[in-house]
Structures are given as C-alpha cells and as structure tokens.
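See below for the structure under consideration.
What follows draws every value from the coordinates through simple rules; no lab data is involved. If you're wondering where the values come from, they're calculated on a predicted model, not measured in any experiment. Heads up, the Cβs are rebuilt from the backbone with ideal geometry, glycines too, and the neighbour counts pull from every protein chain shown.
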Ligand SMILES: *Cc1c(COP(=O)(O)O)cnc(C)c1O
C-alpha cells in the first residue's frame, strides 16, 4: 500500500516529484510505476544497480545520496540526474565516465546550509569558488543543472523555511553570475517528506519524497 496519489495531490504544478525508493523493494517501485510514476531516487549504487536491472527501462533514476567517485562508472550509462555533487573531483569523474558513454549527465551541486555539521556539500563560499575557478567549463559531458540542499532536521519550520530561502537567493545569484545564458541551470532540489510543502513555497523545482509515499524504511 503506497500513498503516491495522496502525495501527488499536494505537489504544485511545475514541481517534479522524485519518489525516493531507497531501502524499499522493487515490487513497491513497480506499484508506483504502474500508477504512472517514472522518476525514482536512490542513494546507494549497489541497490540502484539491482533495481535498474529488475525494473522497466523507461524509469528515470536519480542518484540523491553521497556518491563516491570510484562508483560513478557503475551508473554512468543510465543515470538521469545526480543530485548531490559535492566536489570538483566527483564532477570531473562523472564527466569522464559520461564521455565513455557519449552522454551528458545533468548534475546538481549540493549546498550545505543546514545548521548541522555535515561532511558533505559545498558551503556557499566553496561553491562560488568552484564556479569562479572555471575549470568546470571544460567538462563537456556534465551539465550543471542547478542546486540541491537538505534543510536542518528540525521541526522548526521557520528555520527550515529560512534555509530554503537562503538557498533560493543563492541560486539566483549564481544564475546571474555564471549561468545567465544557460537555460539548463534551472533546478532547485529541496524538500523531503516533512518539509516539501515549505520547500515548494521557497522555489523548489524537484522534491525528494520517500516516507510519505512508501512508508517508513527498514534499515
Ligand atoms: C532519504 C532521502 C530523502 C527522502 O527522505 P524522506 O524523509 O523519506 O522523504 C530525500 N533526500 C535525500 C538526500 C535522502 O537521502
């Protein structure tokens, strides 16, 4: 029993729903697929590989978790969007592997704006520095398609809103400075089950929703 349609009913026009299926079995994904869902998010390479092989070929798989550069090669032939690029090294590796398949892989830069300590994601300063450096412009097989962020894990929606808002303002700044002529830089991936309504208010174009669709994960 999944709650895809209930969630869909709450997703605003123009916002894309990524059904986060990590830790859930292929049968549940198939159920969502049969209800018309085509975009699914996974966060572990091995698990994604198995599901990609078992499930229909027209599914658009998004990688939403932390990705180690040495694992890019396993998913480069088919991945539709990589949400959480957090280093130049990873971006360069995605470019290299995409070239082998004659593809251009869309990627989002992960922004770290939450209050919690995290090993992952660029601070705004680091993200700006990467773009100023300019080396990324030579990477012809990746397309920087926007930003992704995870808000603080708190019930304080005022805090969450202010973080998404900050991300939105920062997105606009980068758009103007580095991507004014590039229509591909247009995606803002923010919002999960407990905060995607706030994220949509603050300009999300992609929401990553797992629990609200599939129920609690069993790790
Ligand atoms: C697991 C995960 C989600 C989905 O979280 P839910 O609370 O189950 O909706 C969204 N984004 C990322 C990065 C995740 O790892």
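Between residue 49 and residue 89, take the C-beta separation as r, use R0 = 25 Å, and let me know the FRET efficiency to the nearest 0.05. Rounded to the nearest 0.05, the efficiency is 0.70.
Given a cut-off of under 8 Å on Cα pairs at least six residues apart, what relative contact order in percent is computed for the chain? In percent, rounded to a whole number, it is 22. With a Förster radius of 25 Å applied to the C-beta separation of residue 6 and residue 165, the computed FRET efficiency comes to 0.40. Note on segment 112-195: Kirkwood hydrodynamic radius from all Cα pairs is 13.9 Å, rounded to one decimal. Three semi-axes describe the equivalent ellipsoid of segment 1-141; taken as square roots of 5 times the Cα gyration tensor eigenvalues and ordered largest first, they are 28, 19, 14 Å. Helix-only estimate, please: 222 nm mean residue ellipticity of the chain, summing -39500 (n - 2.57) across DSSP H runs of length 4 or more and dividing by its residues, to the nearest 500. The helix contribution divided over the chain gives -11000 deg cm²/dmol.
Determine Rg/Rh for segment 78-219; Rg is computed over alpha-carbon atoms and Rh is the Kirkwood hydrodynamic estimate from the same atoms. Using Cα coordinates only, the ratio equals 0.98.
For the peptides 205-212, 139-146, residues were scored by their other Cβ atoms within 10 Å and the scores averaged per peptide; the highest-first order is 205-212, 139-146. If you wrap the tightest convex hull around every Cα atom of segment 1-42 and split its volume per residue, you get 69 Å³. Here residue 156 and residue 129 are evaluated by their C-beta separation; at R0 = 30 Å the FRET efficiency comes out at 0.50.
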